[in-house]
Amino acid sequence: MPTFDLTELDRLERRERQLTILAAVVVLVMAAGMALLMYPLVFVHPVQAEKWPLRFAFFGFCVLSLLIAAYLLDRQRTFRNVKQQLVSQLQRNVELQNRGNADLLHTIPDLSQFQDRLAMDYRRAATMQQTLSVLVVKILFTQNSADANKETAALGDAARAIARIMRPTDSMYLLEPALFGLVLSDTDTATANRLKGGLEQSLRLVGANNNFSFETFVCNYPDHAKSAHELEEAVFLHLSAQRAWLEATETEAH
């Protein structure tokens, strides 16, 4: 999800405050200079016929100058309040999104349910002489996104991107914290690869905003595997690689 740069907002607020103070000082200095020039004409050597009109103009000018300076300062206060409200709303939206992403990830079935579904679909495919494909998506985080909330947000966005390309007969599972598995019933290798291509295109857009890359692979029965056990072995091979990558990342962090 696109977010505001808080550092940039702070820099803009600081610059706005400096410009406001400068403008108020310039207005007051120019007003004071003008008042000093007007003072002798109004109070020291006034023209009797124009005495009170000049004094009214003098005091009106002073009041107007003060109002302009007050307006500039009030404008700066309003800008600061709007910025604080914006940041507060942004933080609230981020918290809600993180909570929604966490809830979404908890609703995705896990590895044991993946194994049960794969075994059931394999028996159906073998009995009815149909095809069966498994699509695995591994999310790889960069060092810049090594934050629990950011990773949760990224995984939630990735799960939504995967769900968008799924068909009604497909099912998605969370095999590891950053490893998704899709069981594609009655799907040959060519169709699975087309789905993989569409998924990769969608994940590239999501990954650009969340600082992650990804890897995908397709395993098909009967092209690549002759049994449900061989399909599981292909997935477990990537699970092992994922665990090794997570352990190496944690070692580097420590």
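Tabulated data for the structure shown
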quantity: Neighbours by Cβ (under 9 Å, 6+ apart or cross-chain): first from the range 105-119, within 16 Å of LEU155 (Cβ to Cβ); second of a type outside the set (D, E, K, R) and loosely packed, with under 13 Cβ neighbours inside 10 Å; calculated: LEU105/PRO177
quantity: Output for the range 175-215, where each listed residue is closer than 22 Å to LEU105 by Cα, of a type in the set (Val, Ile, Thr) and modelled with pLDDT of 90 or more; calculated: VAL183
quantity: Verdict on ASN93 being within 30 Å of GLU233 (Cα to Cα) and either surrounded by 11 or more Cβ atoms within 10 Å (Cβ to Cβ) or among the acidic types (Asp, Glu) (or both); calculated: no
quantity: Subset of the range 206-222 (residues that are out of contact with any strand residue (DSSP E or B) (no Cβ under 9 Å at 6 or more places or on another chain) and touching a residue at least 12 places away in the same chain (Cβ under 8 Å)); calculated: ASN209
quantity: Within the range 143-191, considering residues that are part of a helix (DSSP H, G or I) and hydroxyl-bearing (Ser, Thr, Tyr), the one surrounded by the most Cβ atoms within 10 Å (Cβ to Cβ); calculated: THR152
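The values are calculated or read from the model by the stated rules, or taken from the named source; none is laboratory data. Owing to the predicted nature of the structure, the values given are computational and were not obtained by experimental measurement. Every residue, glycine as well, gets a Cβ built from its backbone with ideal geometry; the counts of neighbours run over all protein chains shown.
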